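Okay, structure first, notes after.
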Amino acid sequence: MIRQAVGAIIHQGDAYIVVCKSWQHTLNGEMKINDEWDIVKGGVEKSDPSLEAAILRELYEETGSNAFTVCKKFDAKLHFSFPPDMQEKIGYSAQETTIFLVEFTGNVDYLKPVDGEISAIKLVHKSEFLTYLSHEEMRQYVKENIANVV
């Protein structure tokens, strides 16, 4: 089964927000994982009236803020398969993620995750953004889609 998800490439000026995911929601509750730096991402819920509403919910859950403006929805989706051991734990074999470009209009010092999955949030200069991303699929997506957008 493929999980439908949303993600946000969040910028503020010439910097980007990254989050450190330390916990994974599983069929049996929360599971500690090795820290992974990534963009804000999460599954679309049945109660989400739209993909834009889903990303705004995820942004709040993972940063504790509503100070975001959705600038663009990218046409290209991010596709990846979960490792076999994770597939059993979460009930999905793969994920298809709709990515948005989002501007953060608040103060980064006030960001605090509401969701227990996230352990840290950083604002990193655009020159460091790719080096922070833990997953090659995400780095490749950014290289192919973000050039000249911000």
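All of the numbers you see were taken from the coordinates with simple rules; none came from a lab. Only a predicted model underlies this, so the values are computations on that prediction, with no experimental measurement involved. Positions of Cβ are generated from backbone atoms using ideal geometry, with glycine treated the same way; all protein chains shown enter the neighbour counts.
Table for the structure above
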| item | result |
| --- | --- |
| Selection status of Glu103, assigned to a strand (DSSP E or B), more than 13 Å from the chain's Cα centre (by Cα) and farther than 22 Å from Ser22 by Cα | yes |
| Total residues in the range 81-101, condition among the hydrophobic types (A, V, I, L, M, F, W, C) and on the phi > 0 side of the Ramachandran plot | 0 |
| Index of the failed condition, Ala147 passing every other in (1) over 15 Å from Ile10 (Cα atoms); (2) aliphatic (A, V, I, L, M); (3) part of a loop (DSSP other than H, G, I, E, B) | (1) |
| The lone exception for Ser127 - which of (1) in a helix (DSSP H, G or I); (2) exposed (fewer than 15 other Cβ atoms within 10 Å of the Cβ); (3) free of Cβ contacts under 8 Å to residues at least 24 places away in the same chain it fails | (1) |
| Candidate set: the range 121-146, residues that are hydroxyl-bearing (Ser, Thr, Tyr) and more than 13 Å from Glu36 (Cβ to Cβ); chosen: the one farthest from the chain's Cα centre (by Cα) | Ser127 |
| Residue in the range 58-77 that is touching an Asp or Glu at 6+ places or on another chain (Cβ under 6 Å), assigned to a helix (DSSP H, G or I) and surrounded by 14 or more Cβ atoms within 10 Å (Cβ to Cβ) present | yes |
